[in-house]
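Peer 1: To start, I am sharing the structure in question, which I have written as C-alpha cells.
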Amino acid sequence: MPAYKSHHYVPQMYMRLFSADGMRVGVFVIGSGKFIPRAPINGQACRDYFYGKDPRAEQAFGKIEGQAARIFADAIEYRRLPGPGSEDHEWLIFFLGIQHSRTMSAAQQHNEGAVKALKAMLRRQAKLEGDNRILEALDTVRITRTNAVSEVVGYATIGANLLADLTLILVENESDLPFVASDAPVVLHNRVYEGQRIGVTGYANVGLQLFLPLGSRLALLGYDAAAYDAKRDGDGIVRLQRAEDVRLINDLQWEAAHAVLLVASDIPGGELQARAEHWRSLRKAERVVFSEEVIDHNATEVRTRLGSGEAPSAIALDLSFMTPRVPTPPQLAAWEVPPFRDPARVARTDRAFASMEEWDERRGRHG
C-alpha cells in the first residue's frame, strides 16, 4: 500500500484513549445499529486519500497529533492542562480547531452550505430570466465540492486562534456511565443561544462551548467564561457524579457523529441501543440552515441577503455544573449571528483570511 494512502480523520492516537490494548476499540455503527466491541483502530474513521495525494497534509497532521498526544497524556496522568499563553496551549488550540474541521461531518456541512448558496443564486437568476428549465432541474441536480475538506481545514489553520480565549478545564467522570466519542469528536455547542433558528457555534461567538472526551473517564471542556460559571473543585476540575450530565455530554457526540460512535469496554449493556433509539428521529437530516431575503428589488436588479450556519442543536444542554451568567437573548433574525467575544481578534482573523485568499488567487493566476 502506498505511504499515506489511508487518511484518518480521527487520529489513531485519539482512538487509543478508548482502547484497553491500544489496538482495538468499541465501535457502534449508527446506521445499522451494529455494535463491534473490538474493532481494529487502524480501520476506523479513515478514507483513502481523504486529504488528497500530496503527503504533506498527512505529515503535518502527524506533527499536530504528536503534540496533542503528549498534552493528552499529561492531562490523563496528572489531571492538568497547559496554561493560557504557553506553547503547549497554542498546540492544543490548534489541534482542536484542526480536528473539528478535518472530519467527514465538517466536509459534508461545508459542501451542503456551499451548494445551498449556489442553488439559491442560480434559482434567483433563473426566475429573473424566466428560465423554467433551470428551475425544474435545480431540485434534482447534484453539486459537490471536490475539495471541501481542504477548504475547511485551510480556514481552520487561521480560524483556530478564535478558540484561544476559551477557558479550558478537565471534567472527571465519576458516574456509572462512561463518556463516548464519535468520528467527529470535537463538538461545539452554545447553551446561551439555544433555540435560535440559525447557527450559533461560530468559533468567535459569545456563549460558545467545546467538548472533547479524553477516554471514558475524562473530558476536555472549553467555554466562554464571560457567559458561564463552571463549578470546580480546589484543583480546578469538574467532578461528575450524575449520569444525567454524562448522558447529555454523550448526546453531543450522537448528534455530531457522521457514522459511528467510539466507546470503551465499560459501556453498560443496552446503553448504546437505548440512545440509538432516542436519536433515531433526532439526528439532523440537514446540517446547514439557509435563508434568503430580498432587500431591494427594482427594474434593473435584485439584491438579496443570505444567511447560513450549522443547523440548531436538538439538545438542551442543562448541565448541573454550568450556570449561564448572561440572560437568554431574543431571537436573532435569519441573517444575524450572535455577537463576538472579541471583535478585535475577529477583525485580525478576517484580515488573515483575506491575505490567504489573495495569495491563493495569485498562485492560481501563475499556475
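The values are calculated or read from the model by the stated rules, or taken from the named source; none is laboratory data. Keep in mind it's a predicted model, so treat the numbers as computed, not measured. Because the Cβ atoms are built from the backbone with ideal geometry, glycine has one as well, and the counts that use them run over all protein chains shown.
Peer 1: For a quick check of your reading of the model, give me the residue pairs whose first member lies in segment 40-56 and is over 26 Å from D21 (Cβ atoms), whose second is assigned to a helix (DSSP H, G or I) and of a type in the set (S, T, Y), with beta-carbon atoms closer than 9 Å and at least 6 apart or on different chains.
Peer 2: Partner pairs satisfying both residue conditions: Y51/S150; G52/S150.
Peer 1: Taking the condition of being farther than 30 Å from T103 by Cβ and acidic (D, E), how many residues in segment 113-160 meet it?
Peer 2: 3
Peer 1: Take I143 and tell me if it is more than 28 Å from V263 (Cα to Cα), among the aliphatic types (A, V, I, L, M) and surrounded by 22 or more Cβ atoms within 10 Å (Cβ to Cβ).
Peer 2: In short, no.
Peer 1: Same structure again: So is S355 touching an Asp or Glu at 6+ places or on another chain (Cβ under 9 Å) and polar (S, T, N, Q) or not?
Peer 2: It is false that S355 is touching an Asp or Glu at 6+ places or on another chain (Cβ under 9 Å) and polar (S, T, N, Q).
Here is a yes/no grid of residues against (1) within 17 Å of A156 (Cβ to Cβ); (2) touching a residue at least 24 places away in the same chain (Cβ under 8 Å); (3) among the polar types (S, T, N, Q):
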residue: Q12; (1), (2), (3): no, yes, yes
residue: M23; (1), (2), (3): no, no, no
residue: I30; (1), (2), (3): no, yes, no
residue: G62; (1), (2), (3): yes, no, no
residue: L96; (1), (2), (3): yes, yes, no
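Peer 1: Tell me which of these E255 doesn't satisfy, since it passes every other one: (1) surrounded by fewer than 21 Cβ atoms within 10 Å (Cβ to Cβ); (2) more than 20 Å from the chain's Cα centre (by Cα); (3) touching a residue at least 40 places away in the same chain (Cβ under 8 Å).
Peer 2: Condition (2) is where E255 drops out.
Peer 1: Can you pull out the residues in segment 309-332 that are touching a residue at least 24 places away in the same chain (Cβ under 8 Å) and farther than 25 Å from A230 by Cβ?
Peer 2: Residues satisfying the conditions are G309, A311, Q331, L332.
Peer 1: Could I ask something else about it? May I ask you to verify whether L81 is assigned to a helix (DSSP H, G or I), under 22 Å from the mean Cα position of the chain (by Cα) and crowded, with 19+ Cβ neighbours inside 10 Å?
Peer 2: For L81, the condition - assigned to a helix (DSSP H, G or I), under 22 Å from the mean Cα position of the chain (by Cα) and crowded, with 19+ Cβ neighbours inside 10 Å - is not met.
Peer 1: Moving on to the next point. Please determine, by comparing only the residues of segment 49-94 that are touching a strand residue (DSSP E or B) at 6+ places or on another chain (Cβ under 7 Å) and at positive phi, which one is modelled with the lowest pLDDT.
Peer 2: Y49
Peer 1: So, one more: Among (1) loosely packed, with under 14 Cβ neighbours inside 10 Å; (2) in contact with a strand residue (DSSP E or B) (Cβ under 8 Å, 6 or more places away or on another chain), where does S6 come up short?
Peer 2: Status for S6: all satisfied but (1).
Peer 1: Somewhere in segment 126-134, is a residue modelled with pLDDT under 85 and surrounded by 15 or more Cβ atoms within 10 Å (Cβ to Cβ)?
Peer 2: Checked against the condition, which is being modelled with pLDDT under 85 and surrounded by 15 or more Cβ atoms within 10 Å (Cβ to Cβ), segment 126-134 yields at least one hit.
Peer 1: Restricting attention to segment 348-356, does a residue exist that is free of Cβ contacts under 8 Å to residues at least 24 places away in the same chain, under 30 Å from G31 (Cβ atoms) and of a type outside the set (D, E)?
Peer 2: For segment 348-356, residues free of Cβ contacts under 8 Å to residues at least 24 places away in the same chain, under 30 Å from G31 (Cβ atoms) and of a type outside the set (D, E): absent.
Peer 1: Another one. Check off (1) farther than 23 Å from T304 by Cβ; (2) at pLDDT below 80 for R145 and give me the number that stays unchecked.
Peer 2: (1)
Peer 1: Separate question: So the check is Cβ under 9 Å with 6+ separation or different chains; which pairs have a first residue in segment 218-235 that's exposed (fewer than 12 other Cβ atoms within 10 Å of the Cβ) and a second one that's part of a loop (DSSP other than H, G, I, E, B) and among the basic types (K, R)?
Peer 2: Short answer, once both residue conditions are applied: D235/R79; D235/R80.
Peer 1: Could you give me the residue pairs with C-beta distances under 6 Å whose first residue belongs to segment 173-184 and is closer than 27 Å to H8 by Cβ and at pLDDT 95 or above, whose second residue is of a type in the set (K, R) and part of a loop (DSSP other than H, G, I, E, B) wherever it lies, and which are 6+ apart or on separate chains?
Peer 2: Filtered contacts from segment 173-184: N173/R217.
Peer 1: Could you tell me which of the residues V115, V187 is surrounded by 14 or more Cβ atoms within 10 Å (Cβ to Cβ), over 30 Å from L220 (Cβ atoms), among the β-branched types (V, I, T) and touching a residue at least 24 places away in the same chain (Cβ under 8 Å)?
Peer 2: Matching residue, one of V115, V187: V115.
Peer 1: Could you run through segment 61-78 and say how many residues are under 15 Å from E172 (Cα atoms) and surrounded by 16 or more Cβ atoms within 10 Å (Cβ to Cβ)?
Peer 2: Within segment 61-78, residues that are under 15 Å from E172 (Cα atoms) and surrounded by 16 or more Cβ atoms within 10 Å (Cβ to Cβ) number 2.
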